[in-house]
Amino acid sequence: MTLKTTEYNIKAGKNLRLAFVSDLHNFKGDIVLNALKTAGVDAVLLGGDILHGQKYVKQGFDFLKAVSKIAPTFYALGNHESGYSGDIRHQIKLSGATLLDNDYVKFKGINIGGITSGSFYYSKNYKPDPTFLTEFSALSGYKLLICHHPEYYDKYIKDLKIDLILSGHAHGGQWRLFGRGAYAPGQGILPKYTAGIYDGRLILSRGLGNVYFIPKINNPPEILIINL
């Protein structure tokens with residue numbers, strides 16, 4: 001597997017170097033861990049779908065334990081974590097990662113928040129928690145939000161005072177043809193948000209693992225480095 005590392009320089013004056021990793025989907029993460037060890041980051045942010053439902057979790061939990069030894073690790077939950085029937089919060093705590101389940105932490109002068117996938121709470125509408133988003137956006141200081149679903153941006157986040165949003169979920173559009181993605185869950189065919197930076201503050205990762213039985217085309221796995 002060839003891993004792509006994409007670096008973004010955001011003018012925030014914080015002298016922070018962060019890694020963003022999303023959508024492992026329980027695939028073996030050795031190549032990612034090796035890249036993170038040499039990246040010299042202050043923290044690793046996980047954008048959800050590190051696990052894959054109930055059945056495919058062991059390699060995801062192993063990855064969590066390993067990455068937490070490299071740098072402080074902050075984890076927001078995606079839709080596939082909702083399929084795990086065990087005590088996911090306890091397992092994440094044991095791994096050494098910090099769970100941001102509609103919660104935030106102050107880290108080296110910035111607020112890092114994690115909005116949990118609406119699939120945990122709304123079985124039909126997949127809405128995020130608007131109360132948390134409102135409270136987080138009202139905080140003073142720099143605000144970075146980990147939000148698994150980029151499709152939340154237009155409806156729930158765009159008008160809020162949040163400085164930077166990191167998302168995954170779209171898998172880069174799964175198949176990339178003529179420079180754009182073909183399909184993304186929650187957005188459908190020819191999705192608007194698949195990879196790159198939008199509005200100068202929404203940054204999307206193409207993610208790491210393939211969806212089971214659905215390979216990526218012209219779309220290498222990717223981690224992001226964010227310099228603030």
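Assorted remarks:
- Footprinting exposure proxy for 134, 6, 116 (fewest neighbouring C-beta atoms within 10 Å first): 134, 6, 116
- Amide H to amide H, with H built 1.01 Å from N, residue 142 comes under 5 Å of 111, counting only residues 5 or more places away or on other chains.
- With both labels modelled 7 Å from their Cα along Cα-to-Cβ, the residue 8 to residue 106 distance reads 2.5 nm.
- Percentage relative contact order, the range 14-134, counting C-alpha pairs under 8 Å, at least six apart: 21
- Mean shadow area of the range 32-151 over all directions, Cα convex hull, nm²: 7.7
- Two-decimal Rg to Rh for the range 1-56 - Kirkwood Rh, Cα set: 1.02
- Ranked list, fewest to most other Cβ atoms within 10 Å of each Cβ, for 3, 204, 160: 3, 160, 204
- Exposure proxy shown here: for 52, 90, the number of other Cβ atoms within 10 Å sets the order, fewest to most, as 90, 52.
- Calculated FRET value between residue 33 and residue 94, using beta carbons and R₀ = 22 Å, to 0.05: 0.75
- Tensor-based shape of the range 17-86 (alpha-carbon gyration tensor, a/c under 1.5 rounded, otherwise prolate or oblate): prolate
- Reachable aspartates and glutamates, given that their alpha-carbon falls under 16 Å from the alpha-carbon of residue 106 and they are not under 8 places away in the same chain: 42, 135, 163
- The alpha-carbon positions of the range 126-197 define a convex hull whose volume is 78 Å³ per residue.
- Diffusion coefficient (Stokes-Einstein, Kirkwood radius over C-alpha pairs, 20 °C, 1.002 mPa s) for the range 63-118: 181 µm²/s, rounded to a whole number.
- Loop-located trypsin sites (Lys or Arg not before Pro) in the range 29-121 whose Cβ has at most 14 other Cβ within 10 Å (DSSP): 55, 69, 108
- Calculated Rg and Dmax of the chain using C-alpha coordinates, Å: 15.9, 45
- 22 Å Cα-Cα reach of residue 127 towards lysines, excluding residues that sit fewer than 8 places from it in its own chain: 143, 155, 158, 161, 192
Throughout, read-outs are computed from the coordinates displayed, never taken from laboratory work. All values derive from a computational prediction rather than experimental measurement. Using ideal geometry, Cβ is built from the backbone for each residue, glycine included, and neighbour counts are taken over all protein chains shown.
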